[in-house]
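This report concerns only the one structure given below.
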Amino acid sequence: MRYEAMKIFISWSGAAGSKCAEELRDWLPYINPTLSPFVSSRDISKGERGLPKIASELKDCAFGIVCVTRDNQAAPWINFESGALSRELGESMLAPFLLDLDVKDLEGPLTQFQATDSRHKDEVWALVESINEKSETSVDPGRLLVTFNRFWGDLDEKLSAIREAAPESATPIRETPDILNELVALIREQSGRIQRLEGVINEKTGQFTSNYTINDPREVVIEADSPPRMRSNDRLDFTRTELSELIGADNIVRWRAQHRKKPEVEVLCTMEGVARARSNSGAIGAVANRYGVVITVESTKDNTRLGWTPEESVS
């Protein structure tokens with residue numbers, strides 16, 4: 001029986017990247033014999049024109065792996081091939097394979113893809129699973145895991161040797177202050193959004209104020225006065241305004257408000273809206289407490305239902 005081969009384009013740049021790509025080229029067929037990896041350093045014969053051969057392989061491949069090192073992540077060639085791969089395959093079919101850097105240190109265009117840290121067995125296993133699922137002749141998951149466990153040590157040992165042999169990189173690792181500065185920028189952006197919401201509240205009550213203090217990345221203080229007692233209609237209006245920010249106005253299909261002793265707001269959302277509500281659960285709980293409103297979020301597609309009550313969050 002003849003099986004259809006799944007072509008995998010392995011991109012690389014630099015000496016360490018080339019060795020990493022070659023090890024993957026030799027290792028992957030052990031996991032699934034129908035995989036057919038292409039690496040330019042090994043698969044372009046002398047006399048062949050490199051670019052036409054690579055262009056042809058890019059069109060025929062079904063999955064792309066980019067071998068990324070601390071030194072090559074900004075290299076023009078690797079970003080050129082990555083861009084070509086993403087156009088041909090789509091983002092879900094392209095995986096940066098990190099040899100000697102953490103995911104948090106990845107920079108540039110490659111950050112938009114789901115990266116694999118080659119130093120962690122479970123992440124490499126996830127990559128192998130993804131490739132196997134996309135192969136027309138996939139291996140049974142149980143047998144795939146047995147095979148992976150059997151050959152993982154070989155790949156890990158060879159990649160470790162490449163890392164040890166590579167010279168010390170001059171590329172700086174992102175420092176903690178840089179990361180904290182990014183967090184401060186995000187907090188300031190959120191502060192601006194909150195202040196815009198307060199502007200709406202002040203138009204009606206003129207009494208709600210907040211103070212924000214951000215002196216440096218190590219000191220972030222947010223203080224807010226409690227809102228005054230408001231009418232039921234105002235509480236519902238303010239709740240809807242903040243929920244629109246947290247869930248996304250485009251994700252909300254329908255509102256329903258009930259004026260009771262404890263006002264209620266029911267929101268019918270898209271699946272994306274429900275996902276955003278779940279990820280912002282703490283903030284929505286704070287809205288429920290702030291205005292004394294019972295909040296319910298429901299999905300238009302299934303029976304997913306999330307709820308928050310004042311002083312008590314229910315998920």
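The values are calculated or read from the model by the stated rules, or taken from the named source; none is laboratory data. Keep in mind that this is a model prediction, so the values were computed, not measured. Every residue, glycine as well, gets a Cβ built from its backbone with ideal geometry; the counts of neighbours run over all protein chains shown. Surface areas here come from the heavy atoms of the whole protein model, side chains and all, with no ligands, DNA or RNA. Shrake-Rupley method; radii C 1.70, N 1.55, O 1.52, S 1.80 Å.
Could you run through the range 69-94 and say how many residues are surrounded by fewer than 20 Cβ atoms within 10 Å (Cβ to Cβ) and outside any helix (DSSP H, G or I)?
So the count comes out to 3.
Quick check, is Lys104 modelled with pLDDT of 95 or more, open to solvent by 80 Å² or more (accessible area, probe 1.4 Å) and not acidic (Asp, Glu)?
Details: modelled with pLDDT of 95 or more: no; open to solvent by 80 Å² or more (accessible area, probe 1.4 Å): yes; not acidic (Asp, Glu): yes.
The answer is no for Lys104.
Just need a number here: residues in the range 24-33 that are touching an Asp or Glu at 6+ places or on another chain (Cβ under 9 Å) and either farther than 21 Å from Ser86 by Cβ or open to solvent by less than 20 Å² (accessible area, probe 1.4 Å) (or both). Steps first, please.
Our first condition is that a residue be touching an Asp or Glu at 6+ places or on another chain (Cβ under 9 Å); within the range 24-33, this holds for 25, 27, 30.
Retained after the next criterion (residues that are either farther than 21 Å from Ser86 by Cβ or open to solvent by less than 20 Å² (accessible area, probe 1.4 Å) (or both)): 27, 30.
Counting residues in the range 24-33 that are touching an Asp or Glu at 6+ places or on another chain (Cβ under 9 Å) and either farther than 21 Å from Ser86 by Cβ or open to solvent by less than 20 Å² (accessible area, probe 1.4 Å) (or both) gives 2.
Being of a type in the set (Asp, Glu) and modelled with pLDDT of 85 or more: is that true of Glu123 here?
Numbers: of a type in the set (Asp, Glu): yes; modelled with pLDDT of 85 or more: yes.
The answer is yes for Glu123.
What's the total number of residues in the range 110-152 that are open to solvent by less than 40 Å² (accessible area, probe 1.4 Å), of a type outside the set (S, T, N, Q) and over 20 Å from Cys67 (Cβ atoms)? Before you say what the answer is, go through the steps one by one.
Start the filter on the range 110-152 by keeping residues that are open to solvent by less than 40 Å² (accessible area, probe 1.4 Å), which leaves 110, 113, 115-118, 124, 127-128, 130-132, 135, 137, 139, 144, 147-148, 152.
From the residues that got through so far, the ones that are of a type outside the set (S, T, N, Q) too are 110, 113, 115, 117, 124, 127-128, 131, 139, 144, 148, 152.
Among the residues that remain, those that are also over 20 Å from Cys67 (Cβ atoms) are: 139, 144.
Of the residues in the range 110-152, 2 are open to solvent by less than 40 Å² (accessible area, probe 1.4 Å), of a type outside the set (S, T, N, Q) and over 20 Å from Cys67 (Cβ atoms).
Restricting to the range 276-290, and then to whatever is part of a helix (DSSP H, G or I) and over 12 Å from Gly307 (Cβ atoms), can you tell me which residue is least open to solvent (accessible area, probe 1.4 Å)?
Looking only at the range 276-290, we keep the residues that are part of a helix (DSSP H, G or I), and these are 276-279, 281-290.
Pick out the ones that are also over 12 Å from Gly307 (Cβ atoms) and you get 276, 279, 282-283, 286-287, 289-290.
Numbers: Arg276: 83, Ser279: 91, Gly282: 61, Ala283: 44, Ala286: 40, Val287: 2, Asn289: 68, Arg290: 89 Å².
Here the residue is Val287.
Name every residue in the range 253-303 that is among the basic types (Lys, Arg) and touching a residue at least 40 places away in the same chain (Cβ under 8 Å), in order of residue number. Quick ask: steps written out before the conclusion?
The initial filter retains those residues of the range 253-303 that are among the basic types (Lys, Arg), namely 254, 256, 260-262, 276, 278, 290, 301.
Residues satisfying the conditions are Lys262, Arg290.
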